Every structure is written in C-alpha cells, then in structure tokens.
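Structure record follows, encoded as structure tokens.
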Amino acid sequence: MSHGRDHVERVVKLAVYIAKKEGADVEVVKKSAELHDIARDKPNHAIESAKLAREILRREGYDEAFVEKVAHCIEAHSFSSGVEPKTLEAKVLSDADKLDAIGAIGIARAFIFSGENGRSIEETIEHFEEKLLKLKDLLYTKTAKELAKERHEFLVKFYEQIKRELKFYEEI
Ligand code: NI
C-alpha cells in the first residue's frame with residue numbers, strides 16, 4: 001500500500017525527528033502524524049482525518065487545546081485541503097509527509113499507488129512532473145529542506161533516466 005501502516009510509521013519517526021531539531025512540540029507532532037491519514041479513503045482526506053482525530057482524542061480524554069493543535073496539523077498537512085499550516089507543528093507534519101513522497105521511497109510509493117489505481121508508467125511520470133518534483137519547494141523547515149536535497153536529486157536522476165528510456169522506444 002502506498003498510504004499504509006509503513007507510510008504512517010515513517011512519517012511518525014520523521015516528524016518526531018524534525019520536531020526535536022526544530023524545537024516543536026513533540027507530543028502534538030507525534031499524535032498528529034499517527035492520525036494524519038486515518039480517513040485516507042475519503043475525498044478531502046486531510047479535513048476528514050482531522051474530524052475523526054478530534055473525536056478519537058476527545059474520547060481518549062485529551063484537553064481541547066491539545067485536540068485543536070493536533071487537528072490543525074492534520075487539516076493543513078495536505079496541499080489539497082487548502083488550509084495553510086499556521087503553527088510550527090503543522091509545518092513539521094506537512095514536511096514529514098512530503099519527504100516520504102520523494103527519494104527512493106517516494107518513487108516506490110508512486111509506483112505502488114499506480115499499481116493500486118491502474119496507472120501506467122507514463123502516467124506515473126506525469127505525476128512526477130505535476131507533483132513530486134515540486135515538493136522540495138513546498139517544505140517549511142530547515143531540517144526538512146536539508147533532508148530533501150539528496151532525495152530530490154535521486155528523484156531527478158530517476159526521472160531523467162526513465163524519460164531517456166521511454167524516448168528510446170519512440171525513436172526505434
Ligand atoms: Ni500521509
């Protein structure tokens with residue numbers, strides 16, 4: 001799965017790592033990372049995941065201030081929700097989620113997603129152009145920008161190689 005348990009586990013680890021480096025509230029970041037994709041199957045999953053997270057956290061007895069901090073991170077983690085991250089914690093979650101979409105892991109996830117959705121190699125490469133290659137410019141924190149360098153470079157290398165291979169078939 002492209003958005004399975006392993007994705008969530010990596011985002012939790014990475015978000016906590018970035019939070020510590022950036023001086024963000026680790027508890028808020030960790031909880032929001034754990035719950036950020038719980039309504040992944042719904043349209044506008046960031047807003048829906050935030051709603052569900054509020055219910056879960058209230059049920060678990062967290063105070064309202066904490067619940068709202070976590071909900072904001074989740075609402076703002078996806079570009080498509082239209083909600084801008086206003087807090088450092090929200091920026092950290094957004095960064096961690098984006099970093100999991102680039103580099104070798106990002107490439108692997110893009111093709112798993114394509115397999116899940118019947119998307120061809122060419123269509124996956126379009127997704128690289130429309131989204132993945134732009135992600136490094138959407139990062140907020142210094143820590144994430146540093147981590148993104150190697151991952152972005154590898155993404156570009158892979159993209160250029162596969163474009164060359166595809167072009168070869170157009171020319172023979
Ligand atoms: Ni995610």
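The values are calculated or read from the model by the stated rules, or taken from the named source; none is laboratory data. Owing to the predicted nature of the structure, the values given are computational and were not obtained by experimental measurement. Ligands, DNA and RNA are excluded from the accessible area calculation, which covers all protein heavy atoms including side chains. Shrake-Rupley method; radii C 1.70, N 1.55, O 1.52, S 1.80 Å.
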Item checked: Solvent exposure of the stretch 1-48 as accessible area per residue, Å², 1.4 Å probe -> 54 Å²
Next item on the list: Whole Å is fine, so just give me how far the alpha carbon centre of the stretch 139-161 lies from that of the stretch 62-98.
Entry: 22 Å
Checklist line | Whole-number accessible area per residue in Å² for the stretch 68-172, which is evaluated in the context of all protein chains at 1.4 Å | finding: 57 Å²
Notebook entry, point to check: Can you give the helix-only mean residue ellipticity at 222 nm for the chain, where every DSSP H stretch with n ≥ 4 adds -39500 (n - 2.57) and the sum goes over all residues, rounded to the nearest 500 deg cm²/dmol?
Noted result: -23500 deg cm²/dmol
Next item on the list: Would you kindly state how much longer the chain becomes between I162 and D63 on full extension, computed as 0.36 nm times their sequence separation minus their alpha carbon distance, in nm to one decimal?
Entry: 30.6 nm
Notebook entry, point to check: Which value, in Å² rounded to 10, gives the accessible area of R58 with a 1.4 Å probe and all protein chains present?
Noted result: 110 Å²
Notebook entry, point to check: Rounded to a whole number, what % of the accessible area of the chain do carbon and sulfur atoms account for, probe 1.4 Å?
Noted result: 54 percent
